[in-house]
Amino acid sequence: MAAKITGGGCLWRRFNRKRTPPRFLLFSVRSAHSMDDMDTVYKQLGLFSLKKKIKDVVLKAEMLAPDALEIEEEEWIKQEETMRYYDLWDDPTKSDEILLKLADCAKAVNSLKDLKYKAEEAKLIMQLGEMDAIDYSLFEQAYDSSLDVSRSLHHYEMSKLLRDQYDAEGACMLIKSGSQDTKSQIWTEQVVSMYIKWAENLGHNARVAEKCSSKNGVVSATIEFEFEFAYGYLLGERGVHRLITSSSSDGVCSATVDIIPLFLRASPDFEVKEEDLIVSYPGKEKHKVAEHMVCIKHIPSGRTVESSGERNRFANRIKALNRLKATLIVIAKEQKFSDVNKTNRQVEETRRYVSKGQKMVVDTKTGLEILDLKSVLDGNIGPFLGAHIGMRRSIDPV
(Lines give C-alpha, C1' and ligand atoms only; values in the text may rest on other atoms or scores of the structure.)
Protein backbone atom coordinates (compact mmCIF):
# COMPACT_ATOMS: atom_id res chain seq x y z
CA MET A 1 0.00 0.00 0.00
CA ALA A 2 2.78 2.29 0.94
CA ALA A 3 4.47 1.32 -2.20
CA LYS A 4 1.42 2.33 -4.12
CA ILE A 5 1.24 5.62 -2.30
CA THR A 6 4.89 6.24 -3.01
CA GLY A 7 4.37 5.37 -6.61
CA GLY A 8 1.29 7.54 -6.81
CA GLY A 9 3.24 10.41 -5.30
CA CYS A 10 5.88 9.95 -7.92
CA LEU A 11 3.25 9.98 -10.61
CA TRP A 12 1.62 13.07 -9.11
CA ARG A 13 4.96 14.90 -8.95
CA ARG A 14 5.73 13.80 -12.50
CA PHE A 15 2.54 15.15 -13.98
CA ASN A 16 2.21 18.31 -11.89
CA ARG A 17 5.70 19.71 -12.04
CA LYS A 18 6.21 22.90 -14.15
CA ARG A 19 6.91 22.01 -17.72
CA THR A 20 9.77 23.73 -19.53
CA PRO A 21 9.00 24.61 -23.17
CA PRO A 22 11.34 23.27 -25.83
CA ARG A 23 14.40 25.43 -26.56
CA PHE A 24 13.35 26.32 -30.11
CA LEU A 25 10.01 27.61 -28.77
CA LEU A 26 11.71 29.80 -26.16
CA PHE A 27 13.97 31.21 -28.84
CA SER A 28 10.96 32.02 -31.04
CA VAL A 29 9.15 33.78 -28.20
CA ARG A 30 12.23 35.85 -27.29
CA SER A 31 12.70 36.77 -30.96
CA ALA A 32 9.07 37.86 -31.27
CA HIS A 33 9.34 40.05 -28.16
CA SER A 34 12.62 41.49 -29.44
CA MET A 35 11.13 42.33 -32.85
CA ASP A 36 8.06 43.92 -31.24
CA ASP A 37 10.31 46.03 -29.00
CA MET A 38 12.42 47.09 -31.97
CA ASP A 39 9.30 47.99 -33.97
CA THR A 40 8.17 50.15 -31.05
CA VAL A 41 11.59 51.81 -30.81
CA TYR A 42 11.72 52.48 -34.55
CA LYS A 43 8.18 53.85 -34.47
CA GLN A 44 9.05 56.15 -31.57
CA LEU A 45 12.19 57.34 -33.33
CA GLY A 46 10.19 57.94 -36.50
CA LEU A 47 7.55 59.83 -34.51
CA PHE A 48 10.21 61.96 -32.80
CA SER A 49 11.75 62.82 -36.19
CA LEU A 50 8.32 63.57 -37.65
CA LYS A 51 7.40 65.87 -34.74
CA LYS A 52 10.70 67.73 -35.04
CA LYS A 53 10.19 68.32 -38.77
CA ILE A 54 6.66 69.60 -38.21
CA LYS A 55 7.74 71.90 -35.35
CA ASP A 56 10.66 73.30 -37.38
CA VAL A 57 8.40 74.19 -40.32
CA VAL A 58 5.68 75.67 -38.09
CA LEU A 59 8.25 77.73 -36.15
CA LYS A 60 9.73 79.10 -39.39
CA ALA A 61 6.26 80.01 -40.66
CA GLU A 62 5.36 81.73 -37.36
CA MET A 63 8.57 83.76 -37.49
CA LEU A 64 8.42 84.84 -41.15
CA ALA A 65 4.77 84.91 -42.26
CA PRO A 66 3.37 87.75 -40.06
CA ASP A 67 6.09 90.27 -41.00
CA ALA A 68 6.02 89.22 -44.65
CA LEU A 69 2.23 89.56 -44.72
CA GLU A 70 2.42 93.06 -43.21
CA ILE A 71 4.99 94.14 -45.84
CA GLU A 72 2.95 92.73 -48.73
CA GLU A 73 -0.28 94.35 -47.48
CA GLU A 74 1.47 97.73 -47.25
CA GLU A 75 2.75 97.29 -50.81
CA TRP A 76 -0.75 96.36 -51.97
CA ILE A 77 -2.20 99.56 -50.44
CA LYS A 78 0.62 101.57 -52.03
CA GLN A 79 -0.10 100.15 -55.50
CA GLU A 80 -3.84 100.79 -55.10
CA GLU A 81 -3.13 104.43 -54.22
CA THR A 82 -0.83 104.76 -57.24
CA MET A 83 -3.57 103.38 -59.47
CA ARG A 84 -6.17 105.70 -57.92
CA TYR A 85 -4.15 108.86 -58.64
CA TYR A 86 -2.82 107.78 -62.02
CA ASP A 87 -4.70 108.15 -65.29
CA LEU A 88 -4.47 104.64 -66.72
CA TRP A 89 -5.52 105.74 -70.20
CA ASP A 90 -2.61 108.16 -70.71
CA ASP A 91 0.16 105.56 -70.67
CA PRO A 92 -0.95 101.97 -71.43
CA THR A 93 2.56 100.58 -70.79
CA LYS A 94 2.76 102.19 -67.35
CA SER A 95 -0.79 101.08 -66.62
CA ASP A 96 0.06 97.46 -67.40
CA GLU A 97 3.07 97.69 -65.10
CA ILE A 98 0.96 99.04 -62.21
CA LEU A 99 -1.78 96.45 -62.70
CA LEU A 100 0.80 93.66 -62.85
CA LYS A 101 2.40 94.80 -59.57
CA LEU A 102 -1.04 95.06 -57.97
CA ALA A 103 -1.89 91.51 -59.06
CA ASP A 104 1.45 90.23 -57.71
CA CYS A 105 0.84 91.92 -54.34
CA ALA A 106 -2.67 90.47 -54.10
CA LYS A 107 -1.33 87.03 -54.95
CA ALA A 108 1.45 87.28 -52.33
CA VAL A 109 -1.01 88.41 -49.63
CA ASN A 110 -3.42 85.55 -50.36
CA SER A 111 -0.55 83.06 -50.46
CA LEU A 112 0.81 84.22 -47.09
CA LYS A 113 -2.64 84.10 -45.48
CA ASP A 114 -3.05 80.55 -46.76
CA LEU A 115 0.43 79.72 -45.44
CA LYS A 116 -0.47 81.00 -41.95
CA TYR A 117 -3.68 78.96 -41.96
CA LYS A 118 -1.87 75.76 -42.98
CA ALA A 119 0.82 76.30 -40.32
CA GLU A 120 -1.87 76.73 -37.64
CA GLU A 121 -3.63 73.63 -38.96
CA ALA A 122 -0.44 71.54 -38.78
CA LYS A 123 0.22 72.76 -35.22
CA LEU A 124 -3.35 72.02 -34.08
CA ILE A 125 -3.40 68.52 -35.59
CA MET A 126 -0.08 67.72 -33.90
CA GLN A 127 -1.43 68.93 -30.53
CA LEU A 128 -4.53 66.74 -30.96
CA GLY A 129 -2.28 63.76 -31.61
CA GLU A 130 -0.51 64.34 -28.27
CA MET A 131 -3.62 64.74 -26.10
CA ASP A 132 -4.64 61.22 -25.00
CA ALA A 133 -3.10 58.33 -26.84
CA ILE A 134 -0.58 58.83 -29.60
CA ASP A 135 -2.41 58.84 -32.92
CA TYR A 136 0.12 58.22 -35.68
CA SER A 137 -2.39 59.00 -38.43
CA LEU A 138 -2.87 62.51 -37.00
CA PHE A 139 0.88 63.09 -37.02
CA GLU A 140 1.04 61.96 -40.64
CA GLN A 141 -1.75 64.40 -41.46
CA ALA A 142 0.10 67.19 -39.64
CA TYR A 143 3.26 66.29 -41.55
CA ASP A 144 1.41 66.53 -44.89
CA SER A 145 0.17 70.01 -43.90
CA SER A 146 3.71 71.00 -42.90
CA LEU A 147 4.96 69.93 -46.35
CA ASP A 148 2.44 72.33 -47.93
CA VAL A 149 3.67 75.07 -45.59
CA SER A 150 7.30 74.32 -46.48
CA ARG A 151 6.55 74.48 -50.23
CA SER A 152 4.66 77.77 -49.83
CA LEU A 153 7.50 79.27 -47.78
CA HIS A 154 10.07 78.15 -50.33
CA HIS A 155 8.02 79.61 -53.18
CA TYR A 156 7.67 82.96 -51.38
CA GLU A 157 11.38 83.14 -50.52
CA MET A 158 12.32 82.36 -54.11
CA SER A 159 9.92 85.03 -55.38
CA LYS A 160 11.88 87.56 -53.31
CA LEU A 161 15.24 86.34 -54.65
CA LEU A 162 14.22 85.89 -58.28
CA ARG A 163 13.46 89.50 -59.18
CA ASP A 164 15.17 89.84 -62.55
CA GLN A 165 13.09 90.83 -65.54
CA TYR A 166 12.10 87.35 -66.75
CA ASP A 167 12.73 85.24 -63.63
CA ALA A 168 9.02 84.75 -62.93
CA GLU A 169 8.36 83.25 -66.37
CA GLY A 170 8.19 79.61 -67.38
CA ALA A 171 11.18 78.01 -69.09
CA CYS A 172 11.91 76.33 -72.38
CA MET A 173 14.93 74.02 -72.19
CA LEU A 174 16.75 72.64 -75.22
CA ILE A 175 19.05 69.68 -74.54
CA LYS A 176 21.39 68.41 -77.27
CA SER A 177 23.78 65.48 -77.35
CA GLY A 178 27.42 66.57 -77.49
CA SER A 179 28.15 64.11 -80.30
CA GLN A 180 26.54 61.35 -82.34
CA ASP A 181 28.12 58.47 -80.42
CA THR A 182 26.07 56.01 -78.37
CA LYS A 183 27.39 57.08 -74.95
CA SER A 184 26.53 60.76 -75.50
CA GLN A 185 22.99 59.94 -76.63
CA ILE A 186 22.39 57.66 -73.64
CA TRP A 187 23.77 60.40 -71.37
CA THR A 188 21.51 63.01 -72.99
CA GLU A 189 18.50 60.80 -72.23
CA GLN A 190 19.57 60.70 -68.56
CA VAL A 191 19.87 64.49 -68.45
CA VAL A 192 16.36 64.86 -69.91
CA SER A 193 15.04 62.45 -67.26
CA MET A 194 16.84 64.38 -64.48
CA TYR A 195 15.04 67.64 -65.27
CA ILE A 196 11.65 65.95 -65.65
CA LYS A 197 12.09 64.32 -62.22
CA TRP A 198 13.14 67.68 -60.73
CA ALA A 199 9.86 69.27 -61.86
CA GLU A 200 7.85 66.28 -60.60
CA ASN A 201 9.58 66.50 -57.21
CA LEU A 202 8.29 70.08 -56.97
CA GLY A 203 4.77 68.96 -57.86
CA HIS A 204 4.86 70.39 -61.40
CA ASN A 205 4.67 68.86 -64.85
CA ALA A 206 7.43 69.12 -67.43
CA ARG A 207 6.22 68.70 -70.99
CA VAL A 208 8.57 67.17 -73.55
CA ALA A 209 7.49 69.34 -76.48
CA GLU A 210 9.90 67.80 -78.98
CA LYS A 211 12.27 64.85 -78.92
CA CYS A 212 14.59 63.47 -81.58
CA SER A 213 15.44 59.90 -80.56
CA SER A 214 17.85 57.35 -81.94
CA LYS A 215 18.08 53.60 -81.34
CA ASN A 216 20.66 54.40 -78.64
CA GLY A 217 19.12 57.30 -76.76
CA VAL A 218 18.24 60.96 -77.37
CA VAL A 219 19.84 63.26 -79.95
CA SER A 220 17.94 66.35 -78.78
CA ALA A 221 14.88 67.27 -76.74
CA THR A 222 12.91 70.39 -75.85
CA ILE A 223 11.22 70.53 -72.44
CA GLU A 224 8.66 73.18 -71.49
CA PHE A 225 8.20 74.08 -67.82
CA GLU A 226 4.91 75.95 -67.61
CA PHE A 227 5.04 77.18 -64.01
CA GLU A 228 6.10 80.39 -62.28
CA PHE A 229 9.81 81.06 -61.67
CA ALA A 230 10.92 78.07 -63.75
CA TYR A 231 13.21 80.34 -65.80
CA GLY A 232 14.70 81.93 -62.68
CA TYR A 233 15.33 78.51 -61.16
CA LEU A 234 16.90 76.94 -64.25
CA LEU A 235 18.87 79.85 -65.72
CA GLY A 236 22.13 78.65 -64.16
CA GLU A 237 21.76 75.22 -65.81
CA ARG A 238 22.74 76.61 -69.20
CA GLY A 239 26.00 75.14 -70.49
CA VAL A 240 27.77 71.82 -70.97
CA HIS A 241 26.98 68.88 -68.66
CA ARG A 242 29.75 66.24 -68.79
CA LEU A 243 29.61 62.61 -67.68
CA ILE A 244 33.02 61.17 -66.74
CA THR A 245 33.15 57.36 -66.63
CA SER A 246 36.93 56.88 -66.83
CA SER A 247 40.17 58.85 -67.06
CA SER A 248 40.58 58.16 -70.79
CA SER A 249 39.22 60.46 -73.49
CA ASP A 250 36.68 57.77 -74.43
CA GLY A 251 35.27 57.96 -70.92
CA VAL A 252 33.86 61.47 -71.33
CA CYS A 253 30.55 62.36 -72.98
CA SER A 254 28.46 65.51 -72.85
CA ALA A 255 25.11 67.18 -73.35
CA THR A 256 24.51 70.90 -73.92
CA VAL A 257 21.65 72.68 -72.15
CA ASP A 258 20.14 76.00 -73.24
CA ILE A 259 17.39 77.93 -71.44
CA ILE A 260 15.06 80.65 -72.70
CA PRO A 261 11.95 82.17 -71.08
CA LEU A 262 8.56 80.66 -71.81
CA PHE A 263 6.31 83.68 -71.43
CA LEU A 264 3.33 82.81 -69.23
CA ARG A 265 1.92 86.30 -69.44
CA ALA A 266 1.95 88.60 -72.45
CA SER A 267 5.05 88.31 -74.63
CA PRO A 268 7.30 91.39 -74.59
CA ASP A 269 6.94 93.83 -77.44
CA PHE A 270 9.93 92.85 -79.56
CA GLU A 271 10.09 93.19 -83.32
CA VAL A 272 12.05 90.89 -85.63
CA LYS A 273 12.23 91.98 -89.25
CA GLU A 274 10.77 89.51 -91.72
CA GLU A 275 13.61 90.09 -94.19
CA ASP A 276 16.10 88.94 -91.52
CA LEU A 277 14.55 85.47 -91.37
CA ILE A 278 14.98 82.29 -93.38
CA VAL A 279 12.06 79.92 -92.80
CA SER A 280 12.38 76.28 -93.85
CA TYR A 281 10.30 73.12 -93.54
CA PRO A 282 12.66 70.13 -93.13
CA GLY A 283 9.75 67.71 -92.98
CA LYS A 284 9.34 68.04 -96.75
CA GLU A 285 12.84 66.79 -97.53
CA LYS A 286 13.61 64.38 -94.65
CA HIS A 287 11.44 61.37 -93.84
CA LYS A 288 12.76 60.96 -90.27
CA VAL A 289 11.89 64.56 -89.36
CA ALA A 290 8.45 65.51 -88.01
CA GLU A 291 6.13 66.38 -90.86
CA HIS A 292 5.14 69.81 -89.53
CA MET A 293 8.59 70.93 -88.32
CA VAL A 294 9.47 74.59 -88.90
CA CYS A 295 13.03 76.01 -88.71
CA ILE A 296 13.72 79.74 -88.54
CA LYS A 297 17.19 81.21 -88.96
CA HIS A 298 17.93 84.78 -87.90
CA ILE A 299 20.46 85.93 -90.50
CA PRO A 300 22.17 88.81 -88.61
CA SER A 301 22.88 86.78 -85.45
CA GLY A 302 23.15 83.34 -87.06
CA ARG A 303 20.76 81.86 -84.47
CA THR A 304 18.47 79.03 -85.57
CA VAL A 305 15.39 77.78 -83.73
CA GLU A 306 12.86 75.10 -84.56
CA SER A 307 9.50 73.74 -83.49
CA SER A 308 7.88 70.42 -84.33
CA GLY A 309 5.62 69.65 -81.37
CA GLU A 310 2.47 71.38 -82.61
CA ARG A 311 -0.19 69.91 -84.88
CA ASN A 312 0.40 72.06 -87.94
CA ARG A 313 3.05 74.23 -89.55
CA PHE A 314 1.30 77.49 -88.73
CA ALA A 315 1.33 76.73 -84.98
CA ASN A 316 4.95 75.54 -85.17
CA ARG A 317 5.93 78.72 -87.02
CA ILE A 318 4.36 80.87 -84.27
CA LYS A 319 6.12 78.87 -81.55
CA ALA A 320 9.47 78.95 -83.36
CA LEU A 321 9.19 82.72 -83.81
CA ASN A 322 8.40 83.18 -80.10
CA ARG A 323 11.44 81.06 -79.22
CA LEU A 324 13.62 83.14 -81.51
CA LYS A 325 12.39 86.36 -79.90
CA ALA A 326 13.01 84.97 -76.42
CA THR A 327 16.51 83.83 -77.43
CA LEU A 328 17.46 87.22 -78.89
CA ILE A 329 15.98 89.15 -75.96
CA VAL A 330 17.90 87.10 -73.39
CA ILE A 331 21.20 87.26 -75.26
CA ALA A 332 20.89 91.01 -75.77
CA LYS A 333 20.03 91.50 -72.08
CA GLU A 334 22.94 89.36 -70.89
CA GLN A 335 25.45 91.13 -73.09
CA LYS A 336 23.78 94.53 -72.62
CA PHE A 337 23.49 95.09 -76.35
CA SER A 338 20.60 97.03 -77.76
CA ASP A 339 21.39 95.61 -81.18
CA VAL A 340 20.52 91.88 -81.30
CA ASN A 341 22.45 91.56 -84.56
CA LYS A 342 25.74 91.78 -82.63
CA THR A 343 25.11 89.01 -80.14
CA ASN A 344 27.67 86.28 -79.53
CA ARG A 345 27.13 83.70 -76.84
CA GLN A 346 29.82 81.56 -75.21
CA VAL A 347 28.91 78.05 -74.03
CA GLU A 348 30.56 77.28 -70.67
CA GLU A 349 30.88 74.05 -68.73
CA THR A 350 28.25 73.89 -66.00
CA ARG A 351 28.63 70.54 -64.27
CA ARG A 352 30.66 67.33 -64.15
CA TYR A 353 29.03 64.04 -63.21
CA VAL A 354 31.71 61.56 -62.13
CA SER A 355 30.63 57.90 -62.17
CA LYS A 356 34.03 56.33 -61.53
CA GLY A 357 35.47 55.77 -58.04
CA GLN A 358 33.79 58.18 -55.64
CA LYS A 359 30.55 58.90 -57.49
CA MET A 360 30.02 62.65 -57.23
CA VAL A 361 28.74 65.73 -59.02
CA VAL A 362 30.80 68.92 -59.27
CA ASP A 363 29.32 72.27 -60.29
CA THR A 364 32.11 74.12 -62.08
CA LYS A 365 30.38 77.52 -61.87
CA THR A 366 29.84 77.62 -58.11
CA GLY A 367 32.30 74.98 -56.88
CA LEU A 368 29.55 73.05 -55.08
CA GLU A 369 30.12 69.28 -54.80
CA ILE A 370 27.57 66.57 -53.96
CA LEU A 371 28.77 63.04 -53.21
CA ASP A 372 25.62 61.31 -54.45
CA LEU A 373 25.40 60.91 -58.22
CA LYS A 374 22.23 58.80 -58.11
CA SER A 375 20.34 61.36 -56.02
CA VAL A 376 21.23 64.16 -58.44
CA LEU A 377 20.15 62.11 -61.47
CA ASP A 378 16.89 61.42 -59.62
CA GLY A 379 16.15 65.14 -59.87
CA ASN A 380 17.49 66.39 -56.53
CA ILE A 381 19.30 69.38 -58.03
CA GLY A 382 17.93 71.99 -55.61
CA PRO A 383 21.31 72.73 -53.94
CA PHE A 384 22.87 73.50 -57.35
CA LEU A 385 19.98 75.76 -58.35
CA GLY A 386 20.19 77.58 -55.00
CA ALA A 387 23.95 78.06 -55.39
CA HIS A 388 23.46 79.53 -58.88
CA ILE A 389 20.77 81.91 -57.63
CA GLY A 390 22.97 82.99 -54.71
CA MET A 391 25.89 83.64 -57.05
CA ARG A 392 23.71 85.73 -59.37
CA ARG A 393 22.42 87.80 -56.44
CA SER A 394 25.95 88.43 -55.15
CA ILE A 395 27.12 89.59 -58.59
CA ASP A 396 24.01 91.60 -59.45
CA PRO A 397 21.99 92.33 -56.25
CA VAL A 398 18.44 93.50 -56.90
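The values are calculated or read from the model by the stated rules, or taken from the named source; none is laboratory data. Since we're looking at a predicted model, the values are computed, not measured. Ideal geometry is used to build each Cβ from the backbone, glycine not excepted, and the neighbour counts take in all protein chains shown.
Worth pointing out:
- Taken together, Asn312, Asn344, Asn322 contain a single residue that is at pLDDT below 85, more than 30 Å from Ser247 (Cα to Cα) and of a type outside the set (Phe, Trp, Tyr), which is Asn344.
- Between Glu200, Glu169, the distinction of being surrounded by fewer than 21 Cβ atoms within 10 Å (Cβ to Cβ) and at pLDDT below 95 belongs to Glu200 only.
- Residue in the stretch 196-207 that is assigned by TED's automatic domain parsing to the domain that holds Ser308, part of a strand (DSSP E or B) and hydrophobic (A, V, I, L, M, F, W, C) present: yes
- Criterion: buried (at least 17 other Cβ atoms within 10 Å of the Cβ) and not acidic (Asp, Glu) - qualifying residue of Phe227, Phe270: Phe227
- Any hit, the stretch 135-150, residues being under 30 Å from Leu324 (Cα atoms) and either small (Gly, Ala, Ser) or assigned to a helix (DSSP H, G or I) (or both): no
- Any hit, the stretch 347-356, residues being closer than 29 Å to Gly379 by Cβ, surrounded by 14 or more Cβ atoms within 10 Å (Cβ to Cβ), modelled with pLDDT of 85 or more and of a type in the set (Gly, Ala, Ser): yes
- Qualifying residue in the stretch 103-118 (condition: over 27 Å from the mean Cα position of the chain (by Cα) and without any contact (Cβ under 8 Å) to a residue 40 or more places away in the chain): no
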